[in-house]
Structures are given as C-alpha cells and as structure tokens.
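Asks: For reference, the structure I am asking about is given below.
The values are calculated or read from the model by the stated rules, or taken from the named source; none is laboratory data. Predicted model, so just to flag it, every value in this text is computed and none were measured. Note: ideal-geometry Cβ built from the backbone for every residue, glycine included; neighbour counts use all protein chains shown. Just so you know, the surface numbers come from the protein's heavy atoms only, side chains and all, with ligands and any DNA or RNA stripped out. Shrake-Rupley method; radii C 1.70, N 1.55, O 1.52, S 1.80 Å.
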Amino acid sequence: MENILFDAYKSKNLDFKNRIVMAPMTRSRSDNRENKATELTAKYYQQRATAGLIITEGTFISPEAVGVINVPAIYSPEQIEGWKLTTEAVHKEGGKIFAQLWHTGAYSHPNLHNGKKPMAPSNVNPQQQVFTAQGFQTSEEPQPMTTEDIKQTVNDFKQAALNAFEAGFDGVELHGANGYLLQHFFEKIPISATTNMVVQ
Ligand SMILES: Cc1cc2nc3c(=O)[nH]c(=O)nc-3n(C[C@H](O)[C@H](O)[C@H](O)COP(=O)(O)O)c2cc1C
C-alpha cells in the first residue's frame, strides 16, 4: 500500500504539510501568575512543528474551568498575548496548531477556586487526586450546575474559541474525554480518568 503519511493534506479551509498529528499533552509549565503560555511553550511547540498539525495541551476556558496548577489558559488578554508567541513560532515552521479547550468539572478542588466548590452536572465526588499548589488533594463533592451556570459555561467555551482565533490558532478542539466536564454530561455517573473504572 502507498505510504501517504508524509503527503500534504488539503481540508476545506486548511492546508497541512503532512498527515502527522501531535496529540494534546498537559505540560504543567505555566507556573506564572497569569497562567499564560510563555517563550518556553513557544519553543516546545516550535520544536515539534514538523508535524502537520499540533493539538495543544488542554487549555482552561475560564477561572471556573481550572483543575490543575500551572496549566495555561485562554480567557484573559495576557493569556491571548502569551499564546501568540506559540502560534507565530509554529507557523514559522510551516505547521498548523489547534488549541484544546478544557473545563475539568468535578476533577478539581476548592484549593484551586479560593475555597469554592468546583462546578459539575451533579454533586458526585469522582474521588480523583487533584494537583494543587498545596500538593495532591482528593477531590470533594462538587457544586451541581444551575441552568444559568451551564449557559455561562457554553458562553465561556465560545469566547475561548474566539480568543484562540485572536491568538492566531488555526482551529480548536473541545476536550470531551478523560472524564472532564463535557464527558460528565455523557455519563450517568462519573468515570475515573486514570483507571477507567466507574466510581460508585
Ligand atoms: C503526560 C500526558 C498528558 C496528557 N494530556 C492530555 C491533554 O491535555 N488533553 C488530552 O485530551 N489528552 C491528554 N493526554 C492523552 C494523550 O493525548 C493521548 O490520548 C494518550 O496518551 C493515548 O495515546 P497513546 O496511546 O498514543 O499514548 C495526555 C497524555 C499524557 C501521557
């Protein structure tokens, strides 16, 4: 069979130099006050821009979406500016890059929300280990979302997508897997991201 992995690929709106796609991987390197992508982020992705398409590490859409420390976000002007370094660096190499938009839902901890409970579709505690500034903490009962909370979150995803285009991204991917917020809505009860076991 003909090997087409290194052949260019033309989609409706984008031209990719080959068919290699780098999967999203959390790097936890945004240990700065603004939770923004930095020169280090840009260098990391530039070094990997021989792939036709890079999907970034999960990137928080709002302060409410946060569920790990040191992960970059894309809701503030400073964060948009930070990501511009990365998109410019990748484009310089002829690569394309999509932002992965992330809301962790119940897989979070009050330590990451000034003591407030993180939001989720129900109050079921997923019993996850959550990486906070105070070290690993076991998740607690989340705050069930109201209809207004859900509408606000949909809007946050929309705004984050608009911010991503302002930052120069070629597209976005919604993080709908691994047991985070969007997947909570597809499951009757939360599943564990690390073990794929149902939490009773
Ligand atoms: C260190 C690490 C961080 C990851 N972070 C993310 C992430 O931010 N978003 C996501 O959707 N998947 C994430 N993943 C999952 C990977 O994208 C991928 O789906 C997973 O490693 C399975 O692919 P593999 O079988 O080729 O290893 C992560 C995986 C690893 C190992």
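Asks: Please work out the Cα center distance from segment 1-63 to segment 145-164, rounded to the nearest Å.
Replies: Computed from Cα coordinates, the inter-centre distance equals 23 Å.
Asks: Okay, moving on. If amide hydrogens are placed 1.01 Å from N in the peptide plane, which non-local residues have theirs closer than 5 Å to the one on residue 54?
Replies: When sequence neighbours closer than 5 places are left aside, the close amide H contacts are 22, 96, 97, 98.
Asks: Give me the percent of accessible area attributable to carbon and sulfur for the chain, probe 1.4 angstrom.
Replies: Here carbon and sulfur together make up 52 percent of the probe-accessible area.
Asks: Given the DSSP H assignment, sum -39500 (n - 2.57) over each helix run of at least 4 residues in the chain and divide by its residue total; what's the result at 222 nm in deg cm²/dmol, nearest 500?
Replies: On the way: 4 runs with 49 residues, N = 200.
Computed mean residue ellipticity for the chain: -7500 deg cm²/dmol.
Asks: Summing +1 for each Lys or Arg and -1 for each Asp or Glu, what net charge is found among the other residues whose Cβ lies under 12 Å from the Cβ of residue 52?
Replies: Values: positive: 10, 17, 19, 48, 96; negative: 7, 15, 93, 170.
Once positives and negatives cancel, what remains is +1.
Asks: Hey, another quick one. Can you give the FRET efficiency to the nearest 0.05 for residue 81 and residue 136, using r as the Cβ-Cβ distance and R₀ = 30 Å?
Replies: 0.45
Asks: So, one more: With 32 Å as the limit, write out which pairs from 36/96; 12/92; 92/116 have Cα-Cα distances beyond it, or answer none.
Replies: Cα-Cα > 32 Å for 92/116; rest within.
Asks: Find, to one decimal place in angstroms, the Kirkwood hydrodynamic radius of segment 66-200, where the mean of 1/r is taken over every pair of different Cα atoms and then inverted. Walk me through the intermediate numbers first.
Replies: Details: mean 1/r = 0.0629 Å⁻¹.
Result for segment 66-200 stands at 15.9 Å.
Asks: If packing is taken as the mean number of other Cβ atoms within 10 Å per residue, what is the order of 144-156, 90-102, highest first?
Replies: With the highest mean Cβ count within 10 Å placed first, the list reads 90-102, 144-156.
Asks: Taking 0.36 nm per residue of separation and subtracting the Cα-Cα distance, what length does fully extending residue 158 through residue 39 add? All intermediate terms of the calculation are to be shown ahead of the outcome.
Replies: Details: separation 119, 0.36 × 119 = 42.84 nm, distance 2.62 nm.
In short, 40.2 nm is gained.
Asks: Let me ask something else. Indicate, rounded to the nearest 5 percent, the antiparallel portion of the DSSP beta bridges found entirely in the chain.
Replies: Values: 7 of 22 bridges.
Close to 30 percent.
Asks: Counting each pair of different Cα atoms once, what's the Kirkwood radius of segment 1-107 in Å, rounded to one decimal?
Replies: On the way: mean 1/r = 0.0691 Å⁻¹.
When all Cα pairs of segment 1-107 are included, the Kirkwood radius is 14.5 Å.
Asks: Volume per residue, Å³, of the convex hull around the alpha-carbon atoms of segment 136-187?
Replies: Spread over its residues, the Cα hull of segment 136-187 gives 123 Å³ apiece.
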